[in-house]
Amino acid sequence: MDAALPSVGGIDCAITLAAPAKINLSLLVFSRQPDGYHDLHTVMATVDFYDDLHLCSTDSEGITLRCLGEACPDGPENLVYRAASLLAEHAGLRPRVQILLHKHIPAGAGLGGASSDAAACLWGLNRLWKLDLPRRILSQLGAQLGSDVPFFFYGPVALCTGRGQIVQPLDLRSDRFILLIMPKLSVSTAQVYQHYVYHPDQSRQRLGQVEHCLQQGDLDGLLDQPNNSLEEACYAQFASLRRLRDELEAAGIAPLGLSGSGSTLFAATDSSEQVNQWARQLHGRDEIARVRTVRFHNQGNPFTEVHHADFGNSHQTGGEPQRST
Ligand code: C5P
């Protein structure tokens, strides 16, 4: 697959974006609505762990998507493909674009990788095709693709309500180091929601805790007291994940939060030594696919533009393109 890459660099390949992963600092799920979706109250934050999305104009009509890295579909099942198609339809134009998606964020991990890629695609093609659509419209289009997609236009930190698509940016930051623990487990969000049992009293109580932290401007308070309503539904299906969480907490990697509907667990600390020690503790554990230390993504721009002379070469040598700061 890599062999054909340099030729892409020869095309007028205008835009490369870094699409960040997210974690849910809190995720409160309320009742199921007639449309099948649940009412949510979730605080999400982007972190500095990215997929790279390259958008290139081509002479031939159509959308071509190629994926590198973590496995992902390269046809209309991919949200990126659907984002390009939806934007072209909205703008009334025939797309001529080659998209290269370099996946680092695993699918089914609760890190919002596919949603972030789709949002970055809308953002980038809006520029490539000189459509000049405002963020609000991109966000509305994004909501048609997935409940999490609008958030990525308004990060790095936001409160999302409704089915997740009503986004209120929060001017809150945290300097903590976060350890992402990505098990060898891909979780279906729809399935976890199917197993979710709504406990109104518990949700109300948790809402009080989360609102208190938000009123105090205390993002770290959310990290110290993880609140994820989907945990039980996720662990009920994946007993191995519950066991892993319990073992790691007993070993001092605590408190552990679950991101989205799983499977990623995360822990936060003020100390870089502590986070490195946690990472070392996890070394060699068979049930874990990947461990990564991240910080909150603190850029004003939702999708950092990557500058490089020739991304074909950068990928050929296996290096990451340099991100602008
Ligand atoms: O919106 P998205 O396609 O990402 O949602 C995936 C699935 O998660 C939905 O089909 C639905 O089953 C569930 N979901 C939900 N309530 C939400 C968001 C998602 O029940 N607010």
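Can you tell me which residue among D132, D224 is open to solvent by 10 Å² or more (accessible area, probe 1.4 Å), among the acidic types (D, E) and farther than 21 Å from D270 by Cβ?
D132
Is it the case that D48 is open to solvent by 40 Å² or more (accessible area, probe 1.4 Å) and over 25 Å from G300 (Cα atoms)?
Considered against the rule, which asks whether it is open to solvent by 40 Å² or more (accessible area, probe 1.4 Å) and over 25 Å from G300 (Cα atoms), D48 comes out as no.
Any residue in the range 82-100 that is within 20 Å of the chain's Cα centre (by Cα) and in a strand (DSSP E or B)?
There is at least one residue in the range 82-100 that is within 20 Å of the chain's Cα centre (by Cα) and in a strand (DSSP E or B).
Among what's in the range 147-178 and is out of contact with any helix residue (DSSP H, G or I) (no Cβ under 6 Å at 6 or more places or on another chain) and farther than 22 Å from R295 by Cα, pick the residue that is most open to solvent (accessible area, probe 1.4 Å).
Only one residue fits best here, namely I166.
The values are calculated or read from the model by the stated rules, or taken from the named source; none is laboratory data. None of the values given here were measured: they were computed from a predicted structure. No Cβ is skipped: glycine too gets one built from the backbone with ideal geometry, and neighbour counts run over all protein chains shown. The accessibility values were calculated without ligands, DNA or RNA, using every heavy atom of the protein model including side chains. Shrake-Rupley method; radii C 1.70, N 1.55, O 1.52, S 1.80 Å.
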